[in-house]
1. Test of understanding: what is the full-extension gain from residue 65 to residue 98, defined as 0.36 nm times their sequence separation minus their Cα-Cα distance?
2. Under a point spin-label approximation (7 Å from Cα along Cα-to-Cβ), what is the residue 50-residue 12 distance to one decimal in nm?
């Protein structure tokens with residue numbers, strides 16, 4: 001009896017956790033059954049499916065004719081595209097640090113650590 005008195009908080013927490021697990025498992029099975037028995041969502045999907053199938057069958061009746069490329073209107077079109085001018089290629093890795101960034105003055109003083117901000 002002393003064990004129950006000393007550990008009644010721990011036992012109460014264990015009982016609450018077990019009860020919570022049981023309630024969650026019961027409620028989740030009810031939710032799954034409700035999702036499977038819903039007819040309104042499946043009806044909406046059937047309507048969308050029928051519309052999609054109708055569009056696909058309509059598209060199958062379309063026939064493309066290549067004679068348009070031989071017409072005078074197509075042949076009179078002009079090409080206004082611009083040629084791509086080759087640009088000089090930069091560094092292989094633009095984010096890599098530079099090899100040598102030190103600046104020296106004729107007196108031999110190294111100014112690479114001094115940065116002037118204006």
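1. Separation in residues times 0.36 nm, less the Cα-Cα distance, equals 6.0 nm.
2. Distance between label points: 6.0 nm.
Quick note: the coordinates plus some simple rules give every number you see, no bench work behind them. Every value quoted in this text rests on a predicted model; they were computed, and no experiment measured them. Here Cβ is always computed from backbone atoms with ideal geometry, including for glycine, and neighbour counts include all displayed protein chains.
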